[in-house]
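All of the numbers you see were taken from the coordinates with simple rules; none came from a lab. For clarity, every value in this text was computed on a predicted model and none was experimentally measured.
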Amino acid sequence: MTFTDLKLTRQFLNAVEDAGYDKPSPIQIKAIPALRSGQDVIGIAQTGTGKTAAFLLPLLQHLKYAQHTEPRALVVAPTKELALQIHAEALKFASYTDLRIQAIYGGIGPKVQIERLQAGCDLIICTPGRFIELYSHGHLATKRIKHLVLDEADRMMDMGFMPQLRQIQEIIPNKRQNMLFSATFPNRVERLADEFLLWPTRIEVTPESTPVATVRQLKLELPNQRTKIAFIEWWITHHLGEKRMLIFARKKEEAESLAKYLQRSFDFEIRTIHSNKGQNSRINAMEDFRSGAVRVLVSTDVASRGIDVPETEMVINASVPRDPHEYVHRIGRTGRAFRNGTALTLNDPAERYALERIEELVGEPLELIEAPESLETFDTPKFERQLQAREIDSELRKRDPNYQGAFHEKKKKGSKGKSTKSGRKSRN
Ligand code: AMP
């Protein structure tokens, strides 16, 4: 399948070639024909799948060339950063046309944006608030809008933009083509789709069992939590550079203590995101991570569902998710399909079973790496050793229902096991 097969016209084929795209991505293969034929489309796709080109190419092809002063199409995005990103892509794809594309967003004065609109515009890429503001002051004519795109609809819902979206719906013509893209499809997005779209074609990509192909998947076995933290410190010191890194923990307590330990070693901010944090604090953490103001973010799985920062180059799993789909989700959410990323999973001895299930699901073993020579390792404290033993027991029992288990034996005999002092021990 090529872009020519998708019946893009010459101007867009040239632009796609200039962008260096060899072949269309799955969402592009599915969405472009449906959108070209004028259908309403729901696309369930994460950032990194090529979804932006999937809606922009057919949209620009519908618009064809500059016409009228008033805009004919509208893309709505949750944040200024995303609006700017879409704007940049749109300019790239429209470079062989005379189409006029404007980004309209808050956080700066409206004067320049108003002047640009007055000069004539075919496609607007906006955040909801600023669009309504310019409209209510009479700076925006909506009567010619024939195509509407709602991008990252789940995030717009999370950020409380429903009232603004409803207002937009009221002020643009009813007869139009609608497209809705969302990384997830919870009930509230489904309701939004019901309100906005007519007989939509539903397109879904990235099934949960296929992590993005360009993510290098590594694993490293370390004896305990404290050594894992020491390793993460080492990794940040040697590999973070200007990159952005997401650390996953299983529980919010683990996320908090991890962040607290790491924060002692670095003078830049390390933020956490989990279900105990309020909505605003989570959104702020996301926005700061997205903008690069925060480069290391520690998250739990629950909170990870809202994370969608394509620039994340590194993911460290501080512990192995027990549900293998969660692993794929963590990586799929953050890796960028057409960029390189690294995902490193740290596992303690008890976690190797969960890791095996992951390897089974992804279809190959993760690449094994060695701990650096200089890494400080720590003895495993008694409570952690017991937790690990209990987990190993329960895993072995799952595999063999007749297995009695070391832990079981000890308990029967009333043995408490030997305890050794936990403390620091250097490898070198
Ligand atoms: P998106 O999912 O829209 O955020 O796109 C992710 C990245 O992939 C962007 O940098 C796009 O420019 C790039 N991209 C989109 N489609 C393709 C393609 N067919 N081939 C290669 N790169 C692409």
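Couple of notes before you dig in:
- For a straight C-alpha distance cut-off of 15 angstrom, the aspartates and glutamates reachable from LYS382 (same-chain residues fewer than eight places away being disregarded) are ASP348, GLU391.
- In percent, rounded to a whole number, the relative contact order of region 215-380 is 37, using alpha-carbon pairs under 8 Å and six or more apart.
- Calculated diffusion of region 69-212, Stokes-Einstein form, Kirkwood radius summed over Cα pairs, 10 °C and 1.306 mPa s, µm²/s: 100 µm²/s
- With 5 Å bins beginning at zero, the pair-distance distribution over Cα atoms of region 215-380 amounts to 1, 9, 19, 24, 23, 15, 7, 2, 0 %.
- The share of alpha-carbon pairs in region 1-85 lying farther apart than 19 Å comes to 41%.
- ³J(HN,Hα) computed for each position of region 238-243 - Karplus, 6.51 cos²θ - 1.76 cosθ + 1.60, integer Hz, glycine/proline x: 9, 10, 5, x, 9, 7
- Karplus-derived HN-Hα couplings along region 141-150 (A = 6.51, B = -1.76, C = 1.60, θ = phi - 60°), whole Hz, x at Gly and Pro: 9, 10, 5, 9, 5, 10, 9, 10, 10, 9
- Solvent-free Debye scattering, log10 I(q)/I(0), computed from the Cα coordinates of the chain at q = 0.08, 0.13 Å⁻¹: -0.53, -1.12
- Under Karplus coefficients 6.51, -1.76 and 1.60, residue-wise ³J(HN,Hα) of region 283-300 in Hz, glycine/proline x: 5, 4, 4, 4, 5, 5, 5, 4, 6, x, 5, 10, 10, 10, 10, 9, 9, 9
- Exceeding the 18 Å Cα-Cα cut-off - candidates LYS51/LYS143; LYS80/LYS143; LYS23/LYS146; LYS30/LYS51; LYS228/LYS251: LYS51/LYS143; LYS80/LYS143; LYS23/LYS146
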